[in-house]
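Asks: First the structure, which I've put down as C-alpha cells, then a few questions once you've had a look.
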2 protein chains.
Amino acid sequence: MSTDIDFYFDFVSPYAYLAANRIERLAAAHGRKVRWKPVLMTVLSKAAGTQLLPFLPMKWRYIQHDVARSARLAGIPFRWPACFPKLLLAPGRAMTWLAATHGDDLAAAFAHTCFSAFFGDGIDIEDKEVLAGIAAGLGVERDALLAALEDEAVKAAFKQGSEDAIAKGVFGVPFMIADGEPYWGFDRLVQLEQALRGERKAA
Amino acid sequence: MSTDIDFYFDFVSPYAYLAANRIERLAAAHGRKVRWKPVLMTVLSKAAGTQLLPFLPMKWRYIQHDVARSARLAGIPFRWPACFPKLLLAPGRAMTWLAATHGDDLAAAFAHTCFSAFFGDGIDIEDKEVLAGIAAGLGVERDALLAALEDEAVKAAFKQGSEDAIAKGVFGVPFMIADGEPYWGFDRLVQLEQALRGERKAA
C-alpha cells in the first residue's frame, strides 16, 4: 500500500482551502507525500444523494459563520470571493493537465496559488486568463495552458477523477485517505495527525 | 445574556452521545452551567431540508466508521445498539417532564444514564419500562413517569422544544450555543473550549 496521503478537494470548497493550507506541512512532518486529487462537488453530491451546502439555507447560515471562525482560529487568511459560490471547472482541468505534463510538485504549487487567489484575495479562478497568469508564474507557457483548457481529453481526465473518487467512497471534500483510512473535513486533520504520529511511535 | 451553555441533542445521535459525555465537565471547568435541550432530528432535518444520515448510504458508511473512531480516540465506550437507527420519542418526553417536575439536575442525570444505556450498553431506551427503571434509580416514582409518557401536554412540550431550536437556527445535533455563538458537532467542542478559555483570560 502506498504511504502517500490522497487529498481530494474542489477549489470551491472553503474547508478544502483550509485543509490545503495545512496538509503539506502535516504530511512532510511524518515523511509522507500528498497526492492532490481535484474533484467536483457537484458530481460527488449527485452520487451521494447529498445537497450542496449553499442550497440548504439554515445549515448554510451556520457554515458561513463556521468557515470564517475556523479560518480565524487557524490563523489562515480568508474571505468570501464576490463570485462565490460558482462552479469551478477550469482550475481542476488545468491542474489535471499540469500534473500529467509538468509533474505533481508543480501542479500542487499551482493548486496552492489558485486557492490563495480565490479565498485569500477573492480573485475569480474560473477566469482562464487568471489561470494562465498563475501558470506563467510557475514557468508554464500561457498558450499551452489555455490550449489544454479546451482539450476534450483533459476535460475527460478531470471528470474521471471524480468518478475514481466516488469509487473510493469519497462523498465530500476535503477528504483524505491515508493507509486506507478515510478522513472527511478540515477538522479531521487532527485525527489524521494522531494516526500518523501513532504509527511513528510504533516504528 | 445568560452564561449557560445550551446543549441541543437527540438521544439517537451518536455524536450527541459523545458530546454529552464531555459537555458537563467542559462547562464546569469554566464556571458554566449546561441547559439540556432534547430535540428530534426528524423535525430539524425536515425544517432544514437535510436528510438523516442513515438514508445517505455513501456518507453513512463513512459516518459509522468515523463515530467508532472518534469514540475510541476520545476513550468513550461505544457500540451500535441492535435497534439502531430508531425514532426515539419516549426519552425526550421523559426528560421534558423530569426537567419541569424534578429540576434540571435530575433531568440531566437521567439523560446521561439514557445515553449510556443506549450507546454504551445497547439497551432500547424507547422501551417505557426501561425508562421507568432508569427514573426509579434516580428516586422518581415509576408510575408517575409512565403516566407522563402518555400525557399530551408533555408530548406537546417536547415537540415544542424542536420548534424552539429551529427558531434559534439549530439544524442538527449536537448543537451548542454559548454567549450567542453557535457550535455544531462533537468536534466543535474544541472551538467552544477555546472560546470559554479566551474569555477567562480576558477576565
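Here, each number is a calculation from the coordinates, and none is a lab measurement. Everything numeric here is computed off the predicted structure, so don't read it as measured data. Every residue, glycine among them, receives a Cβ derived from its backbone with ideal geometry; neighbour counts consider all protein chains shown.
Asks: Kirkwood Rh over Cα pairs of segment A:1-120 into Stokes-Einstein at 37 °C, 0.692 mPa s: D in µm²/s?
Replies: My calculation gives 214 µm²/s for D.
Asks: Might you report the magnitude of the Cβ-based charge dipole of segment B:5-202 about its Cα centre, with Lys and Arg at +1 and Asp and Glu at -1, to the nearest 20 debye?
Replies: Rounded to the nearest 20 debye, it is 800 debye.
Asks: Along its three principal axes, how long is chain B when you only count alpha carbons? Whole Å, largest extent first please.
Replies: 49, 42, 33
Asks: Name the residue farthest towards the positive end of the dipole of chain B from the options B:Phe118, B:Phe55, B:Ala157, assuming +1 on Cβ of Lys and Arg, -1 on Cβ of Asp and Glu, about the Cα centre.
Replies: Ranked along the dipole, the leading option is B:Phe55.
Asks: Of A:Lys168/B:Lys86; B:Lys33/B:Lys168; A:Lys59/A:Lys159; A:Lys86/A:Lys159; A:Lys128/A:Lys155; A:Lys59/B:Lys46, which sit over 24 Å apart, Cα to Cα?
Replies: A:Lys168/B:Lys86; A:Lys59/A:Lys159
Asks: Mind listing the label-point distances from A:Gln160 to the same position on all other copies, shortest first, one decimal in nm, points 7 Å along Cα→Cβ?
Replies: Relative to the other copies, A:Gln160 has label-point distances of 6.1 nm.
Asks: Using the 2.2 N^0.38 Å rule of thumb for compact globular proteins, work out how segment B:88-142 stacks up: its C-alpha Rg over that value, please.
Replies: 0.99
Asks: Same structure, new question: Over all directions, what mean area does the Cα convex hull of the protein assembly as shown project, stated in square nanometres?
Replies: 21.6
Asks: Which chain B residue hugs the B-A rotation axis most tightly by its Cβ, and what is that distance in angstrom, to the nearest whole number?
Replies: Value returned for chain B: B:Asp187, 2.
Asks: What nm distances, shortest first, do you get from the label point of A:Met1 to those in the other copies when the point sits 7 angstrom along Cα to Cβ?
Replies: 4.5
Asks: Right, something else. Find every distance from the label point of A:Leu89 to the corresponding label point in the other copies (7 Å from Cα along Cα→Cβ) and write them in nm, one decimal, shortest first.
Replies: The projected label point of A:Leu89 is separated from its counterparts by 4.9 nm.
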